[in-house]
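Enquirer: Mind looking over this structure? Questions follow.
The values are calculated or read from the model by the stated rules, or taken from the named source; none is laboratory data. Keep in mind the model is a prediction, meaning the values are calculated, not measured. Positions of Cβ are backbone-derived with ideal geometry, glycine not excepted, and every protein chain shown enters the neighbour counts.
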């Protein structure tokens, strides 16, 4: 039996010859991709780690490889709402590409894994040198804005069970595993509902044998059933990505 590959650490630099499993980076022409990779290093994304706080300077951008990050907007002193989920399809820190180096929201790791981390100065240097990266991140910014508008409509129009199914599908897409960590308290914050609402919605999905949930871990039992239970916003999100970046 072959041994598992060792876990990557923050000390590891990225080989410019090796394939990189982030869809934005992988879409770059070879020379521009190699320059970008040479600026970064591989780091571990630790569950619940906060990468950015609101109104603080952004010092690094992240291109997730096999983890994912929640973009969380503060509603008031106690409430928060997830407005984006970033995995290997995107990057965390898109504001830097648009000329802003202060974070508007909190960025918190929701799925453990690894990411390519690049300092802001080096990233901006490469952005200026790479027309392909400029075009790609411009289109990615449009995807994020479109999905943000979709999320606003979803919150206003769809029941908690449908929204929970959508969120679980989005997380499943990025997790690379059928099982991942999540708590009812965190889900309540992310969906902007009371915890009892999440408990009831998760219980319904579990009774339908679409998921299994216990002790902060959720297992996707039926991907097809979960897609049927979700609102149409999930399909719209996928279509938006495919149309603009696919």
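Enquirer: Among strands (runs of 3 or more DSSP E) lying entirely in region 79-130, which contain 1 or more residues that are touching a helix residue (DSSP H, G or I) at 6+ places or on another chain (Cβ under 7 Å) and closer than 27 Å to residue 194 by Cβ?
Expert: In region 79-130, 80-86, 106-111 are the strands (runs of 3 or more DSSP E) which contain 1 or more residues that are touching a helix residue (DSSP H, G or I) at 6+ places or on another chain (Cβ under 7 Å) and closer than 27 Å to residue 194 by Cβ.
Enquirer: Can you tell which of 141, 185, 165, 202 is in contact with a helix residue (DSSP H, G or I) (Cβ under 8 Å, 6 or more places away or on another chain), modelled with pLDDT of 90 or more, more than 30 Å from residue 24 (Cα to Cα) and part of a helix (DSSP H, G or I)?
Expert: Unique residue meeting the criteria: 202.
Enquirer: OK, next. Kindly list, by first and then second residue, each pair from a residue in region 43-64 that is free of Cβ contacts under 8 Å to residues at least 60 places away in the same chain to a residue that is in a loop (DSSP other than H, G, I, E, B) and surrounded by fewer than 17 Cβ atoms within 10 Å (Cβ to Cβ), limited to pairs with Cβ atoms under 7 Å and residues at least 6 apart or on different chains.
Expert: From region 43-64, the pairs are 54/104; 57/101.
Enquirer: Further, regarding this structure: Look through region 230-246, keep the residues that are assigned to a loop (DSSP other than H, G, I, E, B) and free of Cβ contacts under 8 Å to residues at least 60 places away in the same chain, and return whichever of them is farthest from residue 152 (Cα to Cα).
Expert: 246
Enquirer: Turning to a different aspect of this structure: Residue by residue through region 39-57, note down the ones that are modelled with pLDDT of 90 or more, in contact with a helix residue (DSSP H, G or I) (Cβ under 9 Å, 6 or more places away or on another chain) and surrounded by fewer than 21 Cβ atoms within 10 Å (Cβ to Cβ).
Expert: 39, 57
Enquirer: Please specify each residue of region 205-231 satisfying the condition of being loosely packed, with under 13 Cβ neighbours inside 10 Å, closer than 13 Å to residue 182 by Cβ and either out of contact with any strand residue (DSSP E or B) (no Cβ under 9 Å at 6 or more places or on another chain) or modelled with pLDDT of 95 or more (or both).
Expert: If the condition is that a residue be loosely packed, with under 13 Cβ neighbours inside 10 Å, closer than 13 Å to residue 182 by Cβ and either out of contact with any strand residue (DSSP E or B) (no Cβ under 9 Å at 6 or more places or on another chain) or modelled with pLDDT of 95 or more (or both), then 214, 215 are the ones that fit.
Enquirer: Taking residue 141 and the conditions (1) in the same structural domain as residue 43 (by TED's automatic domain parsing); (2) surrounded by fewer than 18 Cβ atoms within 10 Å (Cβ to Cβ), which numbered condition does it fall short on, given that it satisfies the others?
Expert: (1)
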